[in-house]
């Protein structure tokens, strides 16, 4: 049975906290306010309200507060927490729609995707949302359009199981990326948003942007490594780690696994064959992340193109396209003094060779994948 509690992380928003808490109580009687070491305790502002109030003397960050709230929720029998910013930008009227979506996807993170009015929403907020969404797509292959929204529903077990390091604003990016890596869904539901004229933001343009930069650097590098991410499965009331072989076999049995692996291999061959030194590495890793390809296959097949064979083939094809016949004489003149011509022919030839080799690779790997899949089903 799913049981929801509304959690309001609070830090120096005394002017709007009571209004936010009253709105939350209209939708759910289980409301908890976690104060993250505010300069002045908000107890007077919320006096008389039937809410749980937890105060920490030292400011530790929004991520730390959410994790503390998850532990509190677990102890009190709640399966999900609904986080609601204390600055008044979120409307309690959107709560039922988010909960309905959470009930249909009980193990997913639900994000309230803010409906931005360009005339009212600060440019920094709009840019940050687009920029953050871009990196999440590169790191996971999934589209998350409002990675910075604080109106969310978290499964408590997910928060307490994932290895999460960040404790401040960057936490909300880290938890989404690692949840997607672990095999959980992240769903979005459009919500309205209000930006009060006197809205107070505690986002530090220097410190928090630096933290986000460091986090995205790590997440991007980790996403490019051909090392499987740990997967989890719900068993009983707990999340348990899954074995790598179990995940591998399951992925091979998926209807689209042969096509996905074939595209991954073809992408590796294409990037390895195209005559764009330096740039093709960015293409390889960026494309593998953006399209959620099998990185191990893509990188492995790209390595097949290292050496003289593929560049020589490209030069021959480029020479033929320029002169109508193949280059048959290789000496100091053709390869040394005519170096610039050979480079141009390498580039020109690769534009033809790369897609042809990629297409051939796709057909071979796809055919092998289909045979492997049939073999796995036959053994059942």
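The values are calculated or read from the model by the stated rules, or taken from the named source; none is laboratory data. Owing to the predicted nature of the structure, the values given are computational and were not obtained by experimental measurement. All Cβ positions, even for glycine, are placed from backbone atoms using ideal geometry, and neighbour counts span all protein chains on display.
A few notes on this one:
- Tabulated pairs, the stretch 202-228, first modelled with pLDDT under 80, second buried (at least 16 other Cβ atoms within 10 Å of the Cβ) and part of a helix (DSSP H, G or I), C-beta under 6 angstrom, 6+ apart or interchain: 226/295; 226/296; 226/299
- Among the residues listed as 49, 98, the single one being out of contact with any helix residue (DSSP H, G or I) (no Cβ under 9 Å at 6 or more places or on another chain) and either within 21 Å of residue 184 (Cβ to Cβ) or modelled with pLDDT of 95 or more (or both): 98
- Pairs are defined by a Cβ separation below 8 Å, a sequence spacing of at least 6 or placement on different chains, a first member in the stretch 115-134 that is in the same structural domain as residue 205 (by TED's automatic domain parsing) and part of a loop (DSSP other than H, G, I, E, B), and a second member that is surrounded by 15 or more Cβ atoms within 10 Å (Cβ to Cβ) and at pLDDT below 75; the pairs so defined are 116/125; 120/195; 121/195; 122/195.
- Scan of the stretch 353-375 for residues that are over 30 Å from the mean Cα position of the chain (by Cα) and surrounded by 16 or more Cβ atoms within 10 Å (Cβ to Cβ), ordered by number: 353, 357
- Some residue of the stretch 316-330 being within 21 Å of residue 283 (Cβ to Cβ), modelled with pLDDT of 85 or more and surrounded by fewer than 16 Cβ atoms within 10 Å (Cβ to Cβ): no
- Condition met for residue 33 (surrounded by 20 or more Cβ atoms within 10 Å (Cβ to Cβ), in a helix (DSSP H, G or I) and out of contact with any helix residue (DSSP H, G or I) (no Cβ under 6 Å at 6 or more places or on another chain)): no
- Being within 14 Å of residue 188 (Cα to Cα), at pLDDT 95 or above and in the same structural domain as residue 64 (by TED's automatic domain parsing) is not true of residue 156.
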